[in-house]
Every structure is written in C-alpha cells, then in structure tokens.
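Worksheet: one structure, shown below.
The values are calculated or read from the model by the stated rules, or taken from the named source; none is laboratory data. Note that the structure is predicted; figures quoted are calculated from it, not measured. Heads up, the Cβs are rebuilt from the backbone with ideal geometry, glycines too, and the neighbour counts pull from every protein chain shown.
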Amino acid sequence: MKNLDDLAVFGGIPAFAEELHVGRPNIGDRQRLLARINEILDRRWLTNNGPNVQEFERQIADVARVKHCIATCNATVALEIAIRALGLTGEVIVPSMTFIATAHALQWQEITPVFCDIDPETYTIDPNRIEQMITPRTTGIIGVHLWSRPCDLESLAEIARRHNLKLLYDAAHSFACSYKGRMIGSFGDAEVFSFHATKFLNSLEGGAIVTNDDGLAAKTRLMRNFGFAGVDKVTHIGTNGKMDEMSAAMGLTSLESLDEFINTNYRNYKRYQCQLEKIPGVSLIIYNKAERNNYQYIILEIDETETLISRDQLALILYMENILVRRYFYPGCHRMEPYHSYYPHAGLVLPETEKLVQRVLCLPTGTTVSPADIGQICQIIQVVVEHGREVRERLEKSEHWGRFLTEPPDHDRGFQSDLQTSDQLRDKV
Ligand code: T4K
C-alpha cells in the first residue's frame with residue numbers, strides 16, 4: 001500500500017481477503033486434544049469434578065504458584081462466586097475501565113459497583129482516589145489487572161487493610177504474569193482468571209478462582225456445585241459454576257503450548273513495536289521487561305493532536321481493510337447500562353478513564369497472525385498517519401464516515417456490528 005486511493009475506505013481492495021480478528025483462539029496440539037476427548041467419551045464422565053478438571057486445577061495452581069485453584073465455567077461466574085463467598089455487600093469499588101463483566105458480577109448480586117478512576121500511568125485503579133470513595137456501605141475493592149499489567153498491589157493491600165475491606169482481583173487478562181517476581185494469582189483475598197476462547201490460553205469457555213485461603217477455597221468449591229457438601233447434603237447457597245471435562249481437556253492441551261503462545265505473542269508485540277515506533281502520534285502500551293507477561297493484548301494509543309485523525313477514524317479505516325480491531329473497553333462501564341442511567345454524571349469523577357477510552361485500539365495478535373500480517377497492518381497505519389490531515393478531510397466528506405456519525409454505535413459491539421465482510425461494512429457504515 002503506497003497511497004491513499006489504495007485504502008478500502010476510499011475505494012481500494014481490502015488489504016486482507018479474510019478477516020483478521022482480535023481474540024482469534026490459539027489452538028494447541030489438535031491430536032492431543034482429540035485423544036483427550038476420546039478418553040472423556042470412553043470414560044463417560046463428562047462433568048462434575050472429573051479427572052481433567054482436577055488435573056487442570058493442579059496445573060493452573062502450579063503455574064500461578066498458589067495453593068488452591070477452583071476451575072469454573074467462565075470468569076464471570078467465578079467473580080460472582082468469589083464476591084459472594086467473600087461476603088461482599090452494599091458497595092464495592094471497581095475501575096470503570098474494564099470489561100463489563102467486572103461490574104455486572106456485582107450488580108447481578110445487587111451490590112453497587114462504585115466506579116473509580118484509573119492511574120494515568122498504569123491504567124489500573126488509582127489507589128489515590130479510592131479512599132475518598134469509601135462509605136460506611138463499602139465492603140470491598142476489586143482491582144483489575146488491565147491488559148495483563150498488574151495493579152499497584154502494595155497500595156491496594158494497604159488501603160484494604162486500613163479500612164478492613166475485602167480485596168479481590170479480576171485477573172482475567174493476567175494468567176502467567178508476575179509482579180515483582182511473584183506470580184499473579186496469590187494476591188488479595190482471591191484472584192480470578194479467564195480462560196475464554198479469546199484469551200491467549202483458553203479452555204473454550206472457562207475461568208478459575210485462585211487463593212491461598214483454605215476456608216475461602218472450601219467455600220467457593222461448595223458454592224460452585226450448588227452448595228453440596230456430600231450426597232443429599234447442602235450446606236451453602238450455591239450455583240452451577242462447574243467446568244466440564246471438554247473445557248478442561250482444551251485447557252490442559254493449551255497449557256502444553258503455554259510457552260509457544262507466549263513466545264508468539266511476544267514476537268508479535270516486538271514486531272508491532274519495531275514498526276510503529278517510527279510513526280509519530282501512535283505508541284503501544286509498554287510491558288515491564290523485568291516481569292513475566294503473556295503479551296496477549298496489543299494496545300495502540302493514538303494521540304490525535306499528532307496523528308490528526310481520530311482513533312475512531314483509524315478504526316473505521318482498519319475495519320474496512322478487514323482488520324477487525326476493537327476499542328476495548330469503550331465507552332467505560334459507567335457509560336453502559338444500567339450504570340449510565342443510575343449515575344449519568346459518573347464521567348465527571350472519571351477524567352482519566354474518559355480520556356483513555358477515546359485513545360486506545362486493540363490490534364490482532366496470537367498464533368493466527370503472521371509477521372507479514374503485522375507488517376501490512378503497520379504499513380496501513382503509517383500511510384494513514386503520514387497523510388493524517390488529507391485522510392481526515394477525505395474521510396469527513398465520505399459517505400462512510402457520514403453514515404457512521406448519523407448511526408453512531410452505542411458501544412463496541414455496535415461498532416463491530418454483525419458484519420462479516422468489508423462489502424457489508426461499506427453498505428452499513
Ligand atoms: N473480566 C475482564 C477484565 C474480562 O476482560 C473478561 C472477559 C471477564 C472478566 C469475563 O471473562 P469470561 O466470563 O468471558 O471468562 C470478549 C470475550 O468474550 C471476553 O471473555 C473478554 N473478557 C473480552 C475482553 O473479549 P467480546 O464481547 O469482545 O467478544 P466477541 O464475541 O466480540 O469476540 C472478540 C473477537 O474474537 C471477535 O473479533 C471474534 C473473535 N473470536 C471470538 C470467539 C469467541 C474468534 O475469532 N473466535 C471465537 O471463538 O468479549
């Protein structure tokens with residue numbers, strides 16, 4: 001791609017014949033997976049704490065260097081169970097800059113999520129703003145290790161201790177990451193991982209509660225299985241949060257390729273970084289090289305004052321090229337329902353969140369994305385930014401952008417829409 005007329009948004013052919021997704025699942029050794037599935041079928045033990053789930057729990061606990069792992073059907077249910085097991089009620093302080101599941105897991109149990117702003121450096125919950133949000137109804141804090149970068153764990157622990165609050169971490173993005181040399185998984189009262197298909201290590205659907213607290217582990221185990229403490233004996237309110245054997249088989253197979261997945265993500269990250277660093281106004285979020293990380297999110301920040309085109313304009317251009325970027329986590333939980341109706345002015349106390357959700361774009365990575373793909377993506381970004389002013393002017397006169405503005409998406413799913421090809425996108429946008 002050399003000039004602007006080659007861009008699909010201006011009538012060129014999309015750079016990719018097939019869509020490039022953010023969150024395309026990594027698949028480990030297919031034969032190993034199929035062998036496991038055959039064993040499951042032969043054994044006729046499909047769920048309810050089967051051998052694959054038990055082994056998966058052992059291995060996850062081992063990687064995270066934590067005493068207990070309770071595997072679940074997904075991370076949202078894991079959060080709900082952990083929240084209930086910790087006895088959270090009333091109000092819980094959470095960042096708005098997270099996937100909606102973090103807030104919903106509270107609201108689902110009629111607990112009010114109180115949205116706290118993020119630190120402008122780390123993009124995780126800002127410890128300096130938490131104390132002013134604590135009320136007599138506050139029972140806990142949920143920190144989110146956003147895009148796998150850890151929260152300020154010492155400060156949060158100190159605030160929780162001082163105010164006698166429970167401390168839970170949404171570590172959905174952070175499996176196999178470390179903080180000051182210690183693996184994520186054993187901080188706070190408990191942490192929750194996600195092994196959803198879009199995560200670098202997946203079990204189809206899946207999640208886990210991890211903790212060093214024996215009592216909490218025993219309680220969450222009961223709660224995951226309707227509260228059964230034995231046949232015909234229920235000792236707790238519970239739900240059905242169990243992981244099934246097929247999911248655990250996928251999880252175990254994925255674990256065998258853990259290093260390969262991380263190496264590929266790292267290679268992709270470095271490739272993006274190397275090609276983007278020469279383009280003014282765009283940068284990738286930085287990961288601390290001294291720590292272990294999974295590099296599963298490639299987060300591009302756009303400084304519109306330099307690029308002259310906005311994040312949304314760049315997103316539209318890339319989308320038209322069949323590069324299905326995402327605006328994670330636009331527009332912030334506080335602007336989604338029911339929270340927006342409950343607290344229409346929440347944005348006033350979330351200035352850093354409001355800024356960040358306008359600046360970031362998540363780019364494709366994982367084992368299905370090749371170095372050549374990354375080269376092409378970066379080249380498009382480079383051409384667009386080099387001609388930022390002209391692109392903006394042409395785009396703003398174009399039907400695509402006009403229609404995009406008159407039918408604005410009300411959240412990211414609306415932006416992504418259900419479109420499959422750039423032709424359909426052209427029709428729609
Ligand atoms: N806390 C945090 C901080 C989280 O980020 C998440 C989940 C949770 C809690 C809850 O975890 P789980 O309960 O899900 O275990 C996706 C994932 O569904 C979600 O797990 C993830 N975070 C979130 C960041 O991303 P969507 O709504 O963006 O998914 P969707 O369907 O639009 O797919 C994303 C992209 O991946 C698309 O381009 C399509 C592609 N894809 C997706 C699937 C499922 C594939 O290519 N193949 C697939 O099988 O939420």
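Per-structure values
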| quantity | calculated |
| --- | --- |
| The stretch 196-219 - residue that is under 11 Å from Ala75 (Cβ atoms) and in a strand (DSSP E or B) and, of those, nearest to the chain's Cα centre (by Cα) | Gly207 |
| Number of positions in the stretch 151-180 that are touching a residue at least 40 places away in the same chain (Cβ under 8 Å) and closer than 27 Å to Cys362 by Cα | 11 |
| Failed condition for Val114, given (1) away from the ligand (no atom under 16 Å from the Cβ); (2) buried (at least 21 other Cβ atoms within 10 Å of the Cβ); (3) in contact (Cβ under 8 Å) with a residue 40 or more places away in the chain | (3) |
| The stretch 81-111: number of residues that are within 10 Å of the ligand (Cβ to nearest atom) and under 25 Å from Gly251 (Cβ atoms) | 7 |
| Pick from the stretch 14-44, criterion more than 18 Å from Thr253 (Cα to Cα) and touching a helix residue (DSSP H, G or I) at 6+ places or on another chain (Cβ under 7 Å), ranking: nearest to the ligand (Cβ to nearest atom) | Leu20 |
| Helices (runs of 4 or more DSSP H) contained in the stretch 87-195 and holding at least 2 residues under 14 Å from the mean Cα position of the chain (by Cα) | 100-107 |
| Residues that are over 18 Å from His68 (Cβ atoms) and either within 16 Å of the ligand (Cβ to nearest atom) or not aromatic (Phe, Trp, Tyr) (or both), drawn from the stretch 204-226 | Leu204, Glu205 |
| Of all residues making up the stretch 242-282, the number that are of a type outside the set (D, E, K, R) and either more than 20 Å from the chain's Cα centre (by Cα) or not in a helix (DSSP H, G or I) (or both) | 15 |
| Lone qualifier among Ile93, Ile100 - being under 16 Å from Leu165 (Cβ atoms) and of a type in the set (A, V, I, L, M) | Ile93 |
| In the stretch 175-195, the residues that are touching a Lys or Arg at 6+ places or on another chain (Cβ under 8 Å) and within 14 Å of the ligand (Cβ to nearest atom) | Phe175, Cys177 |
| Odd one out for Met336 among (1) closer than 21 Å to Asp126 by Cβ; (2) at pLDDT below 95 | (2) |
| Selected residue (criterion: nearest to Tyr342 (Cα to Cα)) from residues of the stretch 117-138 that are more than 16 Å from the ligand (Cβ to nearest atom), in contact with a strand residue (DSSP E or B) (Cβ under 6 Å, 6 or more places away or on another chain) and of a type in the set (A, V, I, L, M, F, W, C) | Met133 |
| Contacts under 9 angstrom Cβ, first residue in the stretch 50-72 being in contact (Cβ under 8 Å) with a residue 60 or more places away in the chain, partner in a loop (DSSP other than H, G, I, E, B) and among the hydroxyl-bearing types (Ser, Thr, Tyr), 6 or more apart | Val53/Thr47; Phe56/Ser203; Ala64/Ser186; Arg65/Ser186; Val66/Ser186; Lys67/Ser186; Ala71/Ser203 |
| Out of Glu390, Glu337, sole residue that is surrounded by fewer than 17 Cβ atoms within 10 Å (Cβ to Cβ) and free of Cβ contacts under 8 Å to residues at least 12 places away in the same chain | Glu337 |
| Hey, Val144 in contact (Cβ under 8 Å) with a residue 24 or more places away in the chain and farther than 20 Å from Val357 by Cα or not | no |
| Test: residue in the stretch 277-298 that is touching a strand residue (DSSP E or B) at 6+ places or on another chain (Cβ under 7 Å), buried (at least 23 other Cβ atoms within 10 Å of the Cβ), within 20 Å of Thr368 (Cα to Cα) and among the hydrophobic types (A, V, I, L, M, F, W, C) | yes |
| Conditions (1) within 30 Å of Gly28 (Cα to Cα); (2) in contact with a helix residue (DSSP H, G or I) (Cβ under 6 Å, 6 or more places away or on another chain); (3) of a type in the set (A, V, I, L, M, F, W, C): number failed by Leu363 | (2) |
| Every residue from the stretch 380-390 that is assigned to a helix (DSSP H, G or I) and either in contact with a helix residue (DSSP H, G or I) (Cβ under 8 Å, 6 or more places away or on another chain) or under 28 Å from Gln296 (Cβ atoms) (or both) | Ile380, Ile381, Gln382, Val383, Val384, Val385, Gly388, Glu390 |
| Whichever residue in the stretch 227-241 is within 16 Å of the ligand (Cβ to nearest atom) and part of a loop (DSSP other than H, G, I, E, B) and, among such residues, is surrounded by the most Cβ atoms within 10 Å (Cβ to Cβ) | Gly241 |
| Residue in the stretch 414-422 that is under 29 Å from Asn3 (Cβ atoms), modelled with pLDDT of 95 or more and surrounded by fewer than 17 Cβ atoms within 10 Å (Cβ to Cβ) present | no |
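Each row is one residue, and each column tells you yes or no for (1) within 27 Å of the chain's Cα centre (by Cα); (2) outside any loop (DSSP other than H, G, I, E, B).
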position: Gly12; (1), (2): no, no
position: Asn38; (1), (2): no, yes
position: Thr47; (1), (2): yes, no
position: Glu55; (1), (2): yes, yes
